[in-house]
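*Asks:* Structure below; questions to follow.
The values are calculated or read from the model by the stated rules, or taken from the named source; none is laboratory data. This structure is a prediction, so every number in the text was calculated from the model and none was measured. Ideal geometry is used to build each Cβ from the backbone, glycine not excepted, and the neighbour counts take in all protein chains shown. Accessible surface is based on the protein model in full, side chains and every heavy atom, while ligands, DNA and RNA are left aside. Shrake-Rupley method; radii C 1.70, N 1.55, O 1.52, S 1.80 Å.
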Amino acid sequence: MQRASAAIDLIVAQSSTNFSADSSAGSSGSPPAQGATRPDRTRCAVCERPQPACLCAWVTPVAHEVEVLILQHPLEGHHPKGSARLLHLSLPHSRLVTGEVFADVALLAAPFEAGGAVAGAPRHNLLLYPDSPQDQALGVPAPPALPAGWLREPAMLRLVVLDGTWRKSRKMLYLSPPLQQLPRLSLQGLPPSRYSIRKAHRPGQLSTLEATCAALAQLEGHAEKFQPLLTAFDGFVAQQMDWSAPAFSRPG
């Protein structure tokens, strides 16, 4: 199994050279800051971050119709600059699952927990991921076409988001056949990223939070209702920049 995983890493690394995409996994592969996950630090019970870097002040609940299933790579779980936890806490109809392989079809069909569920028929799953020809080099089949009728009923949709670096998200897709079988949503008319704390490798790459807000705005047709969350995200980014600065240069 370890040999197979190493081979997949090599294939993904080789095919990523010419990869151009516009979805949510766009962020650098830099490791978390040293000491960011030290066990001796007290963590917030809600956001699971060290108390000095708690992000709960930036949580901004947003009313949304489309459910959001965030599949997070394990290395992103406690990354100090990750945006998925803030996104999850701000979206009432969202669920965050950590892992690298999502081979169980039941995950896509399962209703969310009672606190975040929307009553009704099963949702249509859409994968927020670009339809890239380079995926075929990994043996990933072309995704099915997105049925036009789905887009007329946002309340019947569930957006599946991969949270990880481009390389890690592609490996997650490669190892998860159920995800390969989902119609994909590509983003259109993207604004510049506000995610200045992590380096994007190509233009158009956004944080998980930014990309998901853009996708929800595209699907629901109400970009203005996600603006407060994006404004809060700016505050979160500024907080992280402050904590990343040398101690002598911090205000106060």
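*Asks:* Taking the Cβ of P144 as the centre, find all other residues whose Cβ is under 11 Å away and add up their charges (Lys, Arg: +1; Asp, Glu: -1).
*Replies:* 0
*Asks:* With the cut-off at 1.5 for a/c, could you classify the stretch 62-163 from its C-alpha gyration tensor as rounded, prolate or oblate?
*Replies:* Verdict is oblate for the stretch 62-163.
*Asks:* Using θ = phi - 60° and the Karplus curve 6.51 cos²θ - 1.76 cosθ + 1.60, what whole-Hz ³J(HN,Hα) does each residue of the stretch 174-187 get, with Gly and Pro shown as x?
*Replies:* Karplus-based 3J(HN,Hα) across the stretch 174-187 equals 4, 8, 10, x, x, 6, 5, 8, 8, x, 10, 10, 9, 7 Hz.
*Asks:* Let me ask something else. Tell me, what % of the accessible area of the stretch 53-141 is carbon and sulfur with a 1.4 angstrom probe?
*Replies:* Heavy-atom surface of the stretch 53-141 belonging to carbon and sulfur, 1.4 Å probe: 60 percent.
*Asks:* For the stretch 50-115, rounded, prolate or oblate, judged on the Cα gyration tensor with a ≥ b ≥ c (square roots of eigenvalues), a/c < 1.5 rounded, else prolate if a/b > b/c?
*Replies:* Judged from the Cα gyration tensor, the stretch 50-115 comes out oblate (a/c at least 1.5, b/c at or above a/b).
*Asks:* So who's got an amide H within less than 5 Å of the one on V68, skipping anything under 5 residues away but keeping other chains? H placed 1.01 Å off N, in plane.
*Replies:* Under 5 Å from the amide H of V68 lie the amide H atoms of S94, R95, L159, each far enough along the sequence or on another chain.
*Asks:* Let me ask something additional. Rolling a 1.4 angstrom probe over the protein chains, ignoring ligands and nucleic acids, what is the accessible area of M241 in square angstrom, nearest 10?
*Replies:* Roughly 100 Å² of M241 is accessible to a 1.4 Å probe.
*Asks:* If each residue of separation counts as 0.36 nm, what is the full-extension length gain between A155 and Q51 once their alpha-carbon separation is subtracted? Intermediate values should be presented prior to the final figure.
*Replies:* Values: separation 104, 0.36 × 104 = 37.44 nm, distance 3.61 nm.
Extra length available between A155 and Q51 comes to 33.8 nm.
*Asks:* Still on this structure, please answer the following. Within 11 Å, Cβ to Cβ, of E100, how many net charges do the neighbouring residues add up to if Lys/Arg are +1 and Asp/Glu are -1?
*Replies:* Values: positive: K168, K171; negative: E76.
Result for the local shell: +1.
*Asks:* Once amide H atoms are placed 1.01 Å from N in the peptide plane, what residues at a sequence separation of 5 or more from R184, or on another chain, have their amide H within under 5 Å of its amide H?
*Replies:* Answer set, sorted by chain and number: L127, L146.
*Asks:* If you count, for each residue, the other Cβ atoms within 10 Å and average over each peptide, how do 173-180, 58-65 line up from highest to lowest?
*Replies:* 173-180, 58-65
*Asks:* Quick check: with the 1.4 Å probe, what order do E210, E153 take by accessible area, largest first?
*Replies:* E153, E210
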